[in-house]
1. For the chain, what is the relative contact order in percent, using Cα pairs closer than 8 Å and at least 6 residues apart in sequence?
2. Determine, at each q value in 0.19 (inverse angstroms), the log₁₀ of I(q)/I(0) that the Debye formula gives when each Cα of the chain is one equal point scatterer.
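Bear in mind these aren't lab numbers, they're just calculated from the coordinates by the rules spelled out. Everything quoted here is computed from the prediction, not taken from an experiment.
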Amino acid sequence: MNTRISHITYYIDLHSAYVQFLGCNFNCPWCIRKLTPWDHHLGNDELVRLRFQGGLLGINEFLEIIDNAINQYGMEEAVLGGEEPTIDPAYL
Ligand code: SF4
């Protein structure tokens, strides 16, 4: 099953992943996602290199990435955000 996860960024110093979803059922006027679909913490030099490769993560791919982040980088937490994670049908 596919999720609505578009990308995941990892903060080495914080041992924290930021899981970024596509889709939101709100329309906040201040929404930062109207400026960029990417994690807004990324710098301009990183943003210019990014290309959306047309796929959302499957749930098994997501679990594999999280397992690798824990085992290889000592990930301690994951923040769900970007847009609205609670409307992802993979989590219902
Ligand atoms: S992504 Fe966040 S800020 Fe943007 S419309 Fe949805 S709830 Fe509002």
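1. On the way: 113 pairs, mean separation 46.9, N = 92.
Value for the chain: 51 percent.
2. The Debye formula, applied to the Cα set alone, gives -0.99.
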